[in-house]
Amino acid sequence: MTSGQVVVVGAGLGGLRAAESLRGAGYDGHIVIVGDEPHRPYNRPPLSKEALAGGVSVEQLEFRRKASIDDVEWRLGSPVVSSDLTAQTVTLADGSVLPFDGLVVASGIRPRALPIPGPEKGRYFLRTAQDAAGVREYLVPGARVVIMGAGFIGCEVAATAVGLGATVHVVALDEEPMIRPLGRELGAGMRRRHEAKGVTFHLGHTISEFLGEDHVVGARLDDGTVLNADVVIEAVGSVANTEWLEGNGLDLSDGLLVDDGMRVIDAPCPMVAVGDLARHPNALFPGPARRIEHWNMPTETGKRAGATLGAILSGQEPATAPFTAMPSFWSDQYKHKVQSFGMPGIANRITLVDGDVDGPCIVEYLDDTGLVGVVGIDRTSELAPYRARLLERARG
Amino acid sequence: MVTINVDMDKCQHYGQCCFEAEDVFHLDDDGKLKYTKEVGDDRLADVESAADVCPMQAISFELS
(Lines give C-alpha, C1' and ligand atoms only; values in the text may rest on other atoms or scores of the structure.)
Protein backbone atom coordinates (compact mmCIF):
# COMPACT_ATOMS: atom_id res chain seq x y z
CA MET A 1 0.00 0.00 0.00
CA THR A 2 2.42 2.64 1.22
CA SER A 3 6.04 3.08 0.30
CA GLY A 4 8.66 5.69 1.00
CA GLN A 5 10.43 6.37 4.24
CA VAL A 6 9.79 7.71 7.69
CA VAL A 7 12.73 9.03 9.69
CA VAL A 8 12.48 8.97 13.46
CA VAL A 9 15.01 11.36 14.99
CA GLY A 10 15.71 10.03 18.48
CA ALA A 11 16.14 6.46 19.69
CA GLY A 12 14.52 6.83 23.09
CA LEU A 13 11.18 5.71 24.42
CA GLY A 14 9.16 8.25 22.42
CA GLY A 15 10.78 7.31 19.12
CA LEU A 16 10.27 3.62 19.85
CA ARG A 17 6.58 4.00 20.69
CA ALA A 18 5.97 6.26 17.68
CA ALA A 19 7.54 3.70 15.32
CA GLU A 20 5.49 0.87 16.83
CA SER A 21 2.33 2.95 16.58
CA LEU A 22 3.11 3.88 12.97
CA ARG A 23 3.25 0.17 12.14
CA GLY A 24 0.09 -0.35 14.15
CA ALA A 25 -1.59 2.25 11.94
CA GLY A 26 -0.73 0.15 8.88
CA TYR A 27 2.30 2.01 7.59
CA ASP A 28 4.46 -0.53 5.76
CA GLY A 29 7.16 1.72 4.29
CA HIS A 30 10.75 1.90 5.47
CA ILE A 31 11.42 3.30 8.95
CA VAL A 32 14.83 4.61 10.01
CA ILE A 33 15.44 5.40 13.69
CA VAL A 34 18.42 7.69 14.27
CA GLY A 35 20.01 7.96 17.71
CA ASP A 36 22.98 9.87 19.06
CA GLU A 37 23.80 7.19 21.63
CA PRO A 38 25.10 3.77 20.51
CA HIS A 39 22.21 1.97 22.24
CA ARG A 40 18.73 0.88 21.31
CA PRO A 41 15.98 2.54 23.40
CA TYR A 42 16.51 1.93 27.10
CA ASN A 43 14.86 2.92 30.35
CA ARG A 44 16.46 5.99 31.92
CA PRO A 45 14.89 6.30 35.40
CA PRO A 46 17.07 3.51 36.86
CA LEU A 47 20.15 5.57 35.95
CA SER A 48 19.70 7.65 39.11
CA LYS A 49 18.69 4.68 41.24
CA GLU A 50 19.43 0.95 40.93
CA ALA A 51 21.60 1.24 37.82
CA LEU A 52 23.67 3.90 39.58
CA ALA A 53 23.94 1.77 42.68
CA GLY A 54 25.52 -0.84 40.44
CA GLY A 55 24.85 -4.10 38.71
CA VAL A 56 22.57 -3.11 35.84
CA SER A 57 23.93 -2.93 32.30
CA VAL A 58 22.39 -0.89 29.52
CA GLU A 59 21.36 -4.11 27.76
CA GLN A 60 19.25 -5.02 30.79
CA LEU A 61 17.59 -1.62 30.59
CA GLU A 62 16.55 -1.96 26.93
CA PHE A 63 12.83 -1.72 26.26
CA ARG A 64 10.99 -4.70 24.85
CA ARG A 65 10.37 -3.93 21.18
CA LYS A 66 7.27 -5.05 19.34
CA ALA A 67 7.84 -7.56 16.52
CA SER A 68 6.21 -5.12 14.10
CA ILE A 69 9.37 -3.00 14.09
CA ASP A 70 11.85 -5.84 13.65
CA ASP A 71 12.55 -4.48 10.15
CA VAL A 72 13.39 -0.89 11.09
CA GLU A 73 16.85 0.42 10.26
CA TRP A 74 18.77 1.63 13.29
CA ARG A 75 21.31 4.42 12.70
CA LEU A 76 22.88 4.65 16.14
CA GLY A 77 25.81 6.72 17.35
CA SER A 78 25.46 9.40 14.70
CA PRO A 79 23.15 12.26 15.64
CA VAL A 80 21.13 14.32 13.21
CA VAL A 81 22.79 17.72 12.85
CA SER A 82 20.51 19.57 10.45
CA SER A 83 17.33 19.33 8.44
CA ASP A 84 15.60 20.84 5.43
CA LEU A 85 11.88 20.41 5.97
CA THR A 86 10.96 21.74 2.52
CA ALA A 87 13.31 19.36 0.72
CA GLN A 88 12.33 16.71 3.32
CA THR A 89 15.82 15.59 4.31
CA VAL A 90 17.84 15.29 7.50
CA THR A 91 21.64 15.26 7.66
CA LEU A 92 23.59 13.10 10.11
CA ALA A 93 26.88 13.92 11.80
CA ASP A 94 28.60 11.35 9.57
CA GLY A 95 27.49 13.36 6.51
CA SER A 96 24.80 11.03 5.25
CA VAL A 97 21.55 12.60 4.08
CA LEU A 98 18.27 10.77 4.71
CA PRO A 99 15.19 11.71 2.66
CA PHE A 100 11.79 11.26 4.26
CA ASP A 101 8.09 11.35 3.48
CA GLY A 102 7.26 11.69 7.17
CA LEU A 103 9.33 12.86 10.13
CA VAL A 104 9.06 11.98 13.82
CA VAL A 105 10.82 14.44 16.13
CA ALA A 106 11.84 12.39 19.16
CA SER A 107 15.20 13.96 19.95
CA GLY A 108 14.25 14.67 23.54
CA ILE A 109 16.02 16.87 26.02
CA ARG A 110 19.44 17.21 27.56
CA PRO A 111 20.51 18.52 30.95
CA ARG A 112 20.96 22.26 31.19
CA ALA A 113 24.59 23.33 31.45
CA LEU A 114 25.25 26.44 33.52
CA PRO A 115 28.35 28.49 32.72
CA ILE A 116 30.24 28.03 35.99
CA PRO A 117 34.01 28.52 35.93
CA GLY A 118 36.39 25.81 37.06
CA PRO A 119 37.77 22.43 35.98
CA GLU A 120 35.57 20.14 33.88
CA LYS A 121 36.82 16.75 35.11
CA GLY A 122 34.71 15.21 37.84
CA ARG A 123 31.58 17.11 36.80
CA TYR A 124 28.75 15.01 35.46
CA PHE A 125 25.20 15.20 34.21
CA LEU A 126 22.93 12.20 34.61
CA ARG A 127 21.06 11.55 31.40
CA THR A 128 22.73 8.63 29.66
CA ALA A 129 24.00 5.20 30.63
CA GLN A 130 27.49 6.53 30.00
CA ASP A 131 26.90 9.37 32.45
CA ALA A 132 25.74 6.89 35.11
CA ALA A 133 28.78 4.68 34.55
CA GLY A 134 31.03 7.70 34.99
CA VAL A 135 29.39 8.81 38.24
CA ARG A 136 29.27 5.28 39.65
CA GLU A 137 33.09 5.12 39.70
CA TYR A 138 33.13 7.80 42.36
CA LEU A 139 30.39 6.50 44.63
CA VAL A 140 32.43 4.61 47.21
CA PRO A 141 32.14 4.79 51.00
CA GLY A 142 33.41 8.15 52.21
CA ALA A 143 33.17 9.81 48.80
CA ARG A 144 32.27 13.49 48.94
CA VAL A 145 29.45 14.24 46.54
CA VAL A 146 28.08 17.67 45.66
CA ILE A 147 24.78 17.74 43.80
CA MET A 148 23.66 20.91 42.07
CA GLY A 149 19.86 20.99 41.88
CA ALA A 150 17.19 19.63 44.20
CA GLY A 151 14.71 18.28 41.68
CA PHE A 152 13.83 14.62 41.34
CA ILE A 153 17.11 13.59 39.70
CA GLY A 154 19.21 15.47 42.24
CA CYS A 155 17.27 13.98 45.14
CA GLU A 156 17.33 10.45 43.73
CA VAL A 157 21.08 10.66 43.18
CA ALA A 158 21.46 11.95 46.75
CA ALA A 159 19.55 8.96 48.11
CA THR A 160 21.52 6.49 45.98
CA ALA A 161 24.87 8.05 46.93
CA VAL A 162 24.00 8.00 50.65
CA GLY A 163 23.07 4.34 50.25
CA LEU A 164 26.57 3.69 48.91
CA GLY A 165 28.20 5.39 51.88
CA ALA A 166 28.93 8.78 50.37
CA THR A 167 28.71 12.16 52.10
CA VAL A 168 26.24 14.28 50.16
CA HIS A 169 25.68 18.03 49.89
CA VAL A 170 22.83 19.39 47.74
CA VAL A 171 23.02 23.00 46.52
CA ALA A 172 19.91 24.56 45.00
CA LEU A 173 18.33 27.97 44.57
CA ASP A 174 14.90 26.58 45.47
CA GLU A 175 13.43 26.98 48.97
CA GLU A 176 12.77 23.25 49.31
CA PRO A 177 13.65 20.16 47.29
CA MET A 178 11.19 19.28 44.51
CA ILE A 179 9.20 22.39 45.40
CA ARG A 180 7.71 22.99 41.96
CA PRO A 181 5.92 19.64 41.65
CA LEU A 182 5.36 18.96 45.36
CA GLY A 183 4.88 22.39 46.95
CA ARG A 184 6.60 23.79 50.03
CA GLU A 185 5.15 21.58 52.78
CA LEU A 186 5.69 18.24 51.10
CA GLY A 187 9.05 19.39 49.76
CA ALA A 188 10.05 20.17 53.34
CA GLY A 189 8.88 16.73 54.40
CA MET A 190 11.07 15.15 51.74
CA ARG A 191 13.98 17.35 52.83
CA ARG A 192 13.66 16.10 56.40
CA ARG A 193 13.70 12.50 55.15
CA HIS A 194 16.96 13.24 53.34
CA GLU A 195 18.44 15.09 56.30
CA ALA A 196 17.64 12.16 58.57
CA LYS A 197 19.84 10.06 56.26
CA GLY A 198 22.69 12.57 56.50
CA VAL A 199 22.21 14.77 53.44
CA THR A 200 23.11 18.45 53.92
CA PHE A 201 21.08 20.98 51.94
CA HIS A 202 22.29 24.44 50.93
CA LEU A 203 18.99 25.92 49.75
CA GLY A 204 18.70 29.43 48.36
CA HIS A 205 22.27 29.18 47.14
CA THR A 206 24.13 28.69 43.90
CA ILE A 207 27.59 27.45 43.04
CA SER A 208 29.71 30.33 41.83
CA GLU A 209 32.92 28.44 41.11
CA PHE A 210 34.32 24.93 40.95
CA LEU A 211 37.71 24.50 42.60
CA GLY A 212 40.67 22.45 41.46
CA GLU A 213 43.39 22.46 38.82
CA ASP A 214 42.53 19.67 36.42
CA HIS A 215 39.91 17.70 38.35
CA VAL A 216 37.25 19.26 40.53
CA VAL A 217 38.09 19.14 44.26
CA GLY A 218 35.36 21.41 45.55
CA ALA A 219 32.71 24.02 44.97
CA ARG A 220 32.49 27.58 46.26
CA LEU A 221 28.95 28.78 46.94
CA ASP A 222 27.66 32.32 46.44
CA ASP A 223 28.02 33.00 50.20
CA GLY A 224 31.66 31.90 50.18
CA THR A 225 31.08 28.47 51.70
CA VAL A 226 33.50 25.89 50.29
CA LEU A 227 32.36 22.28 49.91
CA ASN A 228 34.98 19.63 49.25
CA ALA A 229 34.00 17.30 46.43
CA ASP A 230 35.30 14.21 44.70
CA VAL A 231 32.49 14.42 42.16
CA VAL A 232 29.80 16.91 41.21
CA ILE A 233 26.45 16.06 39.62
CA GLU A 234 24.66 18.89 37.83
CA ALA A 235 20.89 18.43 37.69
CA VAL A 236 19.37 21.86 37.13
CA GLY A 237 16.73 21.36 34.48
CA SER A 238 16.81 20.58 30.80
CA VAL A 239 16.72 22.03 27.31
CA ALA A 240 15.07 20.56 24.22
CA ASN A 241 17.30 19.09 21.51
CA THR A 242 15.92 21.07 18.59
CA GLU A 243 19.00 22.80 17.18
CA TRP A 244 18.94 20.43 14.19
CA LEU A 245 15.58 21.97 13.20
CA GLU A 246 16.90 25.53 13.01
CA GLY A 247 16.52 27.39 9.72
CA ASN A 248 13.08 25.98 8.92
CA GLY A 249 10.99 28.84 10.28
CA LEU A 250 9.66 26.89 13.28
CA ASP A 251 9.27 28.35 16.77
CA LEU A 252 11.92 26.47 18.75
CA SER A 253 11.80 28.63 21.90
CA ASP A 254 10.48 25.79 24.08
CA GLY A 255 10.42 22.47 22.28
CA LEU A 256 7.95 22.10 19.42
CA LEU A 257 4.32 23.16 19.51
CA VAL A 258 1.99 20.36 18.38
CA ASP A 259 -1.77 19.84 18.09
CA ASP A 260 -3.83 17.17 19.88
CA GLY A 261 -2.61 14.59 17.36
CA MET A 262 1.07 15.58 17.96
CA ARG A 263 1.33 17.12 14.47
CA VAL A 264 3.85 19.95 14.50
CA ILE A 265 2.14 23.34 14.06
CA ASP A 266 3.27 25.24 10.96
CA ALA A 267 5.37 22.34 9.67
CA PRO A 268 5.81 22.37 5.87
CA CYS A 269 5.82 18.55 5.68
CA PRO A 270 4.20 15.54 7.41
CA MET A 271 5.82 15.91 10.82
CA VAL A 272 4.96 14.90 14.37
CA ALA A 273 6.76 15.40 17.68
CA VAL A 274 6.73 13.22 20.80
CA GLY A 275 8.02 13.00 24.33
CA ASP A 276 9.79 15.57 26.45
CA LEU A 277 10.11 18.17 23.70
CA ALA A 278 6.50 18.10 22.42
CA ARG A 279 4.63 21.14 23.74
CA HIS A 280 1.13 19.77 23.57
CA PRO A 281 -2.41 20.63 24.64
CA ASN A 282 -4.18 18.41 27.16
CA ALA A 283 -7.95 18.63 27.52
CA LEU A 284 -7.72 17.45 31.13
CA PHE A 285 -5.71 20.53 32.03
CA PRO A 286 -6.77 23.51 29.93
CA GLY A 287 -4.39 26.37 29.54
CA PRO A 288 -1.27 26.81 27.50
CA ALA A 289 0.27 23.87 25.68
CA ARG A 290 3.01 22.40 27.86
CA ARG A 291 6.04 20.16 27.68
CA ILE A 292 5.68 17.49 30.38
CA GLU A 293 8.87 15.67 31.27
CA HIS A 294 7.22 12.68 32.93
CA TRP A 295 8.13 9.11 32.08
CA ASN A 296 4.71 8.15 30.75
CA MET A 297 4.43 11.00 28.26
CA PRO A 298 6.75 9.58 25.54
CA THR A 299 4.53 6.51 25.40
CA GLU A 300 1.28 8.50 25.38
CA THR A 301 2.46 11.05 22.82
CA GLY A 302 4.31 8.42 20.76
CA LYS A 303 1.22 6.27 20.37
CA ARG A 304 -0.84 9.25 19.27
CA ALA A 305 1.85 10.59 16.95
CA GLY A 306 2.34 7.29 15.14
CA ALA A 307 -1.37 7.02 14.44
CA THR A 308 -1.46 10.61 13.17
CA LEU A 309 1.51 10.20 10.86
CA GLY A 310 0.22 6.86 9.58
CA ALA A 311 -3.09 8.49 8.64
CA ILE A 312 -1.43 11.44 6.92
CA LEU A 313 0.90 9.21 4.88
CA SER A 314 -1.98 7.05 3.66
CA GLY A 315 -3.95 10.10 2.57
CA GLN A 316 -6.46 10.05 5.40
CA GLU A 317 -7.43 12.72 7.87
CA PRO A 318 -5.79 12.08 11.26
CA ALA A 319 -8.05 11.72 14.28
CA THR A 320 -8.86 15.03 15.93
CA ALA A 321 -9.99 13.79 19.35
CA PRO A 322 -8.63 15.86 22.24
CA PHE A 323 -5.43 14.57 23.85
CA THR A 324 -6.30 13.52 27.40
CA ALA A 325 -3.34 11.50 28.65
CA MET A 326 -2.94 11.51 32.44
CA PRO A 327 0.51 12.80 33.42
CA SER A 328 2.08 10.61 36.09
CA PHE A 329 5.40 10.66 37.88
CA TRP A 330 6.96 8.48 40.51
CA SER A 331 10.19 8.50 42.43
CA ASP A 332 12.06 6.21 44.75
CA GLN A 333 14.15 7.82 47.49
CA TYR A 334 15.48 5.52 50.20
CA LYS A 335 12.52 3.25 50.82
CA HIS A 336 10.00 5.98 50.12
CA LYS A 337 7.75 5.92 47.10
CA VAL A 338 6.50 9.21 45.75
CA GLN A 339 3.77 8.93 43.16
CA SER A 340 1.67 11.54 41.40
CA PHE A 341 -1.16 11.84 38.93
CA GLY A 342 -2.18 15.01 37.16
CA MET A 343 -0.34 18.32 37.22
CA PRO A 344 0.35 19.33 40.82
CA GLY A 345 2.75 22.01 39.56
CA ILE A 346 -0.09 24.19 38.22
CA ALA A 347 -2.04 24.27 41.50
CA ASN A 348 -2.62 27.40 43.57
CA ARG A 349 -3.88 25.56 46.65
CA ILE A 350 -2.44 22.46 48.30
CA THR A 351 -4.31 20.39 50.89
CA LEU A 352 -3.02 17.55 53.00
CA VAL A 353 -5.93 15.10 53.01
CA ASP A 354 -4.47 12.14 54.88
CA GLY A 355 -1.43 11.33 57.01
CA ASP A 356 1.31 13.89 57.61
CA VAL A 357 4.08 15.15 55.37
CA ASP A 358 6.76 13.43 57.43
CA GLY A 359 5.09 10.04 57.05
CA PRO A 360 2.83 8.24 54.62
CA CYS A 361 0.45 10.87 53.22
CA ILE A 362 -1.84 11.95 50.41
CA VAL A 363 -1.84 15.55 49.22
CA GLU A 364 -4.37 17.19 46.88
CA TYR A 365 -3.42 19.98 44.49
CA LEU A 366 -6.18 22.34 43.38
CA ASP A 367 -6.72 25.40 41.26
CA ASP A 368 -9.86 27.42 40.55
CA THR A 369 -11.24 24.57 38.43
CA GLY A 370 -10.89 21.96 41.18
CA LEU A 371 -8.51 19.05 41.63
CA VAL A 372 -5.54 19.21 39.24
CA GLY A 373 -3.16 16.76 40.87
CA VAL A 374 -2.49 14.31 43.67
CA VAL A 375 0.71 13.12 45.29
CA GLY A 376 1.02 10.16 47.59
CA ILE A 377 4.03 9.18 49.64
CA ASP A 378 4.07 5.51 50.52
CA ARG A 379 0.34 5.37 49.74
CA THR A 380 0.48 4.15 46.14
CA SER A 381 -2.40 1.72 46.35
CA GLU A 382 -4.81 4.44 47.53
CA LEU A 383 -4.38 6.89 44.67
CA ALA A 384 -6.72 5.28 42.12
CA PRO A 385 -9.84 7.20 43.27
CA TYR A 386 -7.97 10.49 42.92
CA ARG A 387 -6.83 9.52 39.43
CA ALA A 388 -10.44 8.71 38.56
CA ARG A 389 -11.52 12.16 39.80
CA LEU A 390 -8.85 13.76 37.63
CA LEU A 391 -10.12 11.84 34.59
CA GLU A 392 -13.59 13.23 35.27
CA ARG A 393 -12.18 16.60 34.25
CA ALA A 394 -12.34 15.47 30.61
CA ARG A 395 -16.13 15.41 30.91
CA GLY A 396 -16.18 18.96 32.24
CA MET B 1 -3.96 -17.92 25.95
CA VAL B 2 -1.72 -15.05 27.00
CA THR B 3 0.76 -16.13 29.65
CA ILE B 4 1.91 -13.26 31.87
CA ASN B 5 4.97 -13.03 34.07
CA VAL B 6 5.88 -10.14 36.33
CA ASP B 7 9.48 -10.08 37.54
CA MET B 8 8.81 -9.44 41.22
CA ASP B 9 12.47 -8.51 41.80
CA LYS B 10 11.93 -5.56 39.46
CA CYS B 11 8.33 -4.70 40.32
CA GLN B 12 8.05 -1.65 42.58
CA HIS B 13 4.26 -1.92 42.95
CA TYR B 14 3.49 1.40 41.25
CA GLY B 15 0.31 -0.10 39.86
CA GLN B 16 0.42 1.65 36.49
CA CYS B 17 -0.44 -1.66 34.84
CA CYS B 18 -3.70 -1.79 36.81
CA PHE B 19 -5.09 1.17 34.87
CA GLU B 20 -4.51 -0.58 31.54
CA ALA B 21 -5.96 -3.98 32.46
CA GLU B 22 -7.73 -3.77 35.80
CA ASP B 23 -9.15 -7.29 35.45
CA VAL B 24 -5.60 -8.69 35.14
CA PHE B 25 -3.52 -6.57 37.54
CA HIS B 26 -4.43 -5.04 40.89
CA LEU B 27 -2.81 -3.77 44.07
CA ASP B 28 -3.94 -5.52 47.23
CA ASP B 29 -4.71 -3.77 50.51
CA ASP B 30 -1.00 -3.79 51.40
CA GLY B 31 -0.14 -2.13 48.10
CA LYS B 32 1.42 -5.29 46.63
CA LEU B 33 0.84 -6.21 43.00
CA LYS B 34 -1.30 -9.26 42.28
CA TYR B 35 -2.02 -10.51 38.79
CA THR B 36 -3.63 -13.28 36.78
CA LYS B 37 -1.01 -15.47 35.10
CA GLU B 38 -3.14 -16.64 32.20
CA VAL B 39 -5.82 -14.69 30.34
CA GLY B 40 -7.68 -15.07 27.07
CA ASP B 41 -6.30 -13.88 23.73
CA ASP B 42 -8.84 -11.06 23.73
CA ARG B 43 -6.87 -9.41 26.55
CA LEU B 44 -3.63 -9.28 24.55
CA ALA B 45 -3.83 -5.61 23.57
CA ASP B 46 -4.46 -4.47 27.14
CA VAL B 47 -1.73 -6.72 28.56
CA GLU B 48 0.66 -5.26 25.99
CA SER B 49 -0.35 -1.73 27.05
CA ALA B 50 0.21 -2.68 30.68
CA ALA B 51 3.70 -3.96 29.85
CA ASP B 52 4.42 -0.73 27.94
CA VAL B 53 3.51 1.54 30.85
CA CYS B 54 5.39 -0.38 33.55
CA PRO B 55 8.04 2.05 34.84
CA MET B 56 10.24 -0.86 35.87
CA GLN B 57 9.62 -2.80 32.62
CA ALA B 58 8.90 -5.84 34.79
CA ILE B 59 6.03 -7.34 32.77
CA SER B 60 6.56 -9.95 30.08
CA PHE B 61 3.99 -12.05 28.25
CA GLU B 62 3.65 -14.56 25.46
CA LEU B 63 0.92 -16.01 23.33
CA SER B 64 0.50 -19.76 23.59
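At a glance:
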| read-out | value |
| --- | --- |
| Taking N as its residue count, the alpha carbon Rg of chain A over 2.2 N^0.38 Å | 1.02 |
| Averaged over B:13-23, number of beta-carbon atoms from partner chains that fall within 10 Å | 3 |
| Added length on full extension, which subtracts the Cα-Cα distance from 0.36 nm per residue, residue A:94 to residue A:73 | 6.0 nm |
| Distance between the range B:32-64 and the range A:306-338 - C-alpha centres, whole angstrom | 19 Å |
| Ranked by how many other beta carbons lie within 10 Å on average, peptides A:264-271, A:17-24 from highest | A:17-24, A:264-271 |
| Top of A:354, A:84, A:223 by mean-square fluctuation, Gaussian network on chain A, Cα under 10 Å | A:223 |
| Measure of compaction for the range A:335-395 (Cα Rg per 2.2 N^0.38 Å) | 1.05 |
| Expected 222 nm ellipticity per residue - DSSP helices of 4 or more, -39500 (n - 2.57), all of chain B, to 500 | -6000 deg cm²/dmol |
| Shielding score for A:326-337, defined as the mean number of other chain Cβ atoms within 10 Å | 2 |
| Exposure rank, largest accessible area first [B:29, A:378; 1.4 Å] | B:29, A:378 |
| Convex hull volume per residue in cubic angstrom - Cα atoms of the range B:2-63 | 67 Å³ |
| The range A:1-63 and the range A:88-106: distance between their alpha carbon centers, rounded to Å | 17 Å |
| Within chain A, helix-based [θ] at 222 nm, where runs of 4 or more DSSP H residues each add -39,500 (n - 2.57), nearest 500 | -6000 deg cm²/dmol |
| Sparsely packed GluC sites (Glu not before Pro) within the range B:1-54, loop by DSSP, other Cβ within 10 Å at most 13 | B:22 |
| Mean accessible surface per residue for the range A:89-138, computed with a 1.4 Å probe while every protein chain stays in place, in Å² | 46 Å² |
| Extension gain (nm, one decimal) between residue A:394 and residue A:368, 0.36 nm per residue minus Cα-Cα | 7.8 nm |
| Other-chain or far-sequence residues with amide H under 5 Å of residue A:373's (modelled H) | A:343, A:365 |
| Label point at residue B:62 placed 7 Å out along Cα→Cβ; residues across the range B:4-34 whose backbone nitrogen lies under 13 Å | B:4-5 |
| Pairwise centroid distance, computed over Cα atoms, of the range A:195-216 with the range A:117-164, Å | 11 Å |
| By accessible area with a 1.4 Å probe, ligands and nucleic acids excluded, highest first: order of A:326, B:1 | B:1, A:326 |
| For the protein assembly as shown, with +1 on Lys and Arg beta carbons and -1 on Asp and Glu, the positive-most of A:326, A:198, A:13 along the dipole | A:198 |
| Charge tally in the Cβ shell below 14 Å around residue A:198, where Lys, Arg are +1 and Asp, Glu are -1, residue A:198 excluded | +4 |
| Residue-count net charge about residue A:244 - beta-carbon cut-off 12 Å; Lys, Arg +1, Asp, Glu -1 | -4 |
| With DNA, RNA and ligands ignored, accessible area of residue A:124 (1.4 Å probe; Å², nearest 10) | 60 Å² |
| Within the range A:113-234: Cβ-based charge dipole about Cα centre, in debye rounded to nearest 20 (Lys, Arg +1; Asp, Glu -1) | 380 debye |
| Spin-label model distance (nm) - residue A:60 vs residue A:213, 7 Å beyond Cα toward Cβ | 3.9 nm |
| For A:373-383, mean number of other protein chain Cβ atoms within 10 Å | 3 |
| Sequence of B:36, A:301 when ordered by accessible area, the most exposed leading, probe 1.4 angstrom | B:36, A:301 |
| For residue B:8, solvent-accessible area (1.4 Å; no DNA, RNA or ligand), Å² | 80 Å² |
| Alpha-carbon Rg with Dmax, taken over the range A:113-234, Å | 13.5, 41 |
| Accessible-area value, residue A:226, 1.4 Å probe, nucleic acids and ligands omitted, Å² | 70 Å² |
| Calculated FRET value between residue A:316 and residue A:266, using beta carbons and R₀ = 22 Å, to 0.05 | 0.55 |
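The values are calculated or read from the model by the stated rules, or taken from the named source; none is laboratory data. Only a predicted model underlies this, so the values are computations on that prediction, with no experimental measurement involved. All Cβ positions, glycine included, derive from the backbone under ideal geometry; neighbour counts span all protein chains shown. Areas reflect the complete protein model, heavy atoms only, side chains present, ligands, DNA and RNA absent. Shrake-Rupley method; radii C 1.70, N 1.55, O 1.52, S 1.80 Å.
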